[in-house]
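One structure is given below, encoded as C-alpha cells.
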Amino acid sequence: MKSQEERELRAQVEEVRGRLQDLTTDLRAVDDEVERLAPQRAQHELLENACGSLEKLGELGAASLFWGERMEPVRVAEQLRDVRDRIGAFGAQLDELDGRRRAIVDAIGRQQDNLEILGADLDDILEAEERRKNEWIVERDIIALPRLVQLMA
C-alpha cells in the first residue's frame with residue numbers, strides 16, 4: 001500500500017516526465033527548422049564571402065572589373081548594403097532559433113534535475129517504508145507475575 005507522500009511524489013514525477021516529453025518535442029521542432037535552413041545557411045555564407053570580395057575590389061579601385069563601367073559607385077554601395085541587410089536578417093533568424101534551442105536545452109536540464117531530486121526523494125520514502133516494515137515488533141502476552149516474598153537476612 002502506497003503512502004500519500006509516495007503517491008504525491010509519483011504524480012510529480014509523471015508531471016515532470018510529461019514536461020520533458022513536451023520539451024523534447026519542441027527541441028526536435030527547432031532542430032528540424034535549423035536543418036531545413038542548412039542549405040540557405042551555406043548560400044548565405046557564400047554570399048557573405050562574395051560581398052567581402054566585392055568590397056575589397058572596391059577598396060582597390062577595381063570594382064568596375066565586376067560591375068562594369070555603367071554601374072555607379074553609389075548604386076554598387078546600395079546593392080552591397082541591401083545584400084548585407086538580407087544576410088543580417090538571415091543571421092538574426094538563425095540567432096533567434098539558436099536562442100530558442102538554448103532555452104529549451106536549459107529547460108530540459110532543469111527538468112532532468114527536478115526528476116533526479118524527485119527520484120531521490122522517492123527512494124528515501126521507499127527505503128523508510130522498507131525499514132519500517134522490517135522493524136522488530138516486540139510483542140508478548142501480559143501475564144501476572146508471581147509475587148515474590150522477600151526475606152530478610
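Structural remarks
- Estimated [θ] at 222 nm from DSSP helical runs (n ≥ 4, -39500 (n - 2.57)) normalised by residues in the chain, nearest 500: -28500 deg cm²/dmol
- This model, with +1 at the C-beta of Lys and Arg and -1 at the C-beta of Asp and Glu, gives region 1-135 a dipole about its Cα centre of some 540 debye.
- Distance between the 7 Å Cα→Cβ label points at V105 and R70: 5.1 nm.
- For D124 and R19, the FRET efficiency from 1/(1 + (r/R0)^6), where r spans their Cβ atoms and R0 equals 25 Å, is about 0.65.
- Ranking L122, Q40, L20 by Cα position along the charge dipole of the chain, where only Lys, Arg, Asp and Glu carry charges on their C-beta atoms, puts L122 farthest toward the positive end.
- What the pair-distance distribution of region 85-144 shows, using all Cα-Cα distances binned every 10 Å from zero, is 18, 19, 16, 14, 12, 9, 6, 4, 2, 1, 0 percent.
- Rounded to whole Å, sorted largest first: equivalent-ellipsoid semi-axes of the chain, Cα gyration tensor: 81, 15, 9
- A Förster radius of 22 Å combined with the Cβ-Cβ distance from Q112 to E8 puts the calculated FRET efficiency at roughly 0.65.
Values in this text are rule-based calculations from the coordinates and carry no lab data. Note that the coordinates shown come from a computational prediction; the quantities given were computed from them, not determined experimentally. Cβ sites come from the backbone with ideal geometry, for glycine too, and all protein chains shown count toward neighbours.
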